[in-house]
Amino acid sequence: MHYFKLFNSCRVVKGAENSLIYDLERMDNSNSIPSSVYEILTEHIDKPVEEIKTAYNNEYDIVIDEYFEFLIKNEYIFYCDKEELELFPTVDYEWKSPKNITNSIIDYDGTITISDYKEFIKELSVLGCVAIQIRSFVSLTLVELKEFMFLFNETSIINIELILKFNEDLIDSEIIDLQKQYPRIRKMNIYSSPEDRDEYFINYLKEDINPENDCGKVDSKFFSIGFDTFAEAQCHNTCLNQKVSVDKNGLIKGCPSMSQSCGDIKQNTINEVLEQKILQKPWTINKDEVEVCKDCEYRYCCTDCRVFTDDKNNPYSRPSKCNYNPYQGLWKGEERYVDVVEYLVNEK
Ligand code: SF4
Ligand code: SF4
């Protein structure tokens, strides 16, 4: 008899309308599945295929064969003998981190000087931070960029993403040389550019962005399907967990778009801020608790914005920049799509 096992790197997540197979090793191999396949993969796990067909009175044998063909072809499952089933136990993904802080956003518009960020960056490094996003509201010169990058020498930060305002005096070859000198720079988005184009790691955008207000967009292109995000998303917030940031005025916040600040980089250390325990409050808000998202199959790969939400007074309110309706399984622009807020009002 054919028994089947789901590969440990594959997980099925149920949404209100659709379900999703997450392939945590191969993001592009993740696929939407109908709820009948979800049912087979959860309620009939570890049963032989023939027994599953019998459970449905052999009425859907052809469809079940097609499902298994799809699951095998995409390497979500494998067949084994009954005796082998226990050799492949399902591994639980529990998220743990030895670090206090892992990521940060630094905003800059010239209100405070670049060197004012020096101690903040040093402390981020001591706390174990690895990823930084620097967002500039003003055009930076090559000299200013180098001054910023110099602050990261001898730090734990290995991944820097820059979001910069276009500067016509800054040419591609200079940026590429800068990246060679500072390989921590992994990605650069340059907005207000004369044209949309991609050049090596540089993404030029015509769009005129305000980094503070334009954050929090929900789009499938921002989804992150992988072991780390999946495990972290079970019990933690996928955007704010272990994040400490500084806004353009030097105020320390969870993220720069928040209205509440917990300190000032010129007067307070990050450790002092962490001791207040205010900044950490949203760290454990996860999508199984967030309205609407808890019914969405994308909840373990989607960033959870806690600033731009439907209801400012409700910490579990839905991210307001989401254009997906999990009750219909449709994105805005697709036929029959109804905005989720309107949809839920009509349902009542
Ligand atoms: S909480 Fe929202 S606004 Fe803040 S960094 Fe995350 S996505 Fe952006
Ligand atoms: S409903 Fe929630 S989890 Fe689903 S796509 Fe929108 S923001 Fe993400």
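Here are a few things to note about the model shown:
- Residue 256 within 30 Å of residue 114 (Cβ to Cβ), within 16 Å of ligand 1 (Cβ to nearest atom) and crowded, with 22+ Cβ neighbours inside 10 Å: yes
- Only one entry of 295, 304 meets the criterion of being within 14 Å of ligand 2 (Cβ to nearest atom), under 30 Å from residue 264 (Cα atoms), of a type in the set (Asp, Glu) and not assigned by TED's automatic domain parsing to the domain that holds residue 24, and that entry is 304.
- Residue satisfying all of: in region 198-231; charged (D, E, K, R) and within 14 Å of ligand 1 (Cβ to nearest atom); surrounded by the most Cβ atoms within 10 Å (Cβ to Cβ) among these: 212
- Exactly one residue among 321, 277, 266 is away from ligand 1 (no atom under 13 Å from the Cβ), basic (Lys, Arg) and either in contact with a strand residue (DSSP E or B) (Cβ under 9 Å, 6 or more places away or on another chain) or more than 19 Å from residue 102 (Cβ to Cβ) (or both), and that residue is 266.
- Residue match in region 28-40 (condition: in contact (Cβ under 8 Å) with a residue 60 or more places away in the chain, of a type outside the set (Ser, Thr, Tyr) and closer than 24 Å to residue 222 by Cβ): no
- Taking the criterion of being among the basic types (Lys, Arg) and farther than 23 Å from residue 215 by Cα, the residues of region 111-159 that qualify are 118, 122, 146.
The values are calculated or read from the model by the stated rules, or taken from the named source; none is laboratory data. Fair warning: this is a prediction, and the values are worked out from it, not measured in the lab. Don't worry about glycine lacking a Cβ; one is built from the backbone with ideal geometry, like all the others, and counts go over all protein chains shown.
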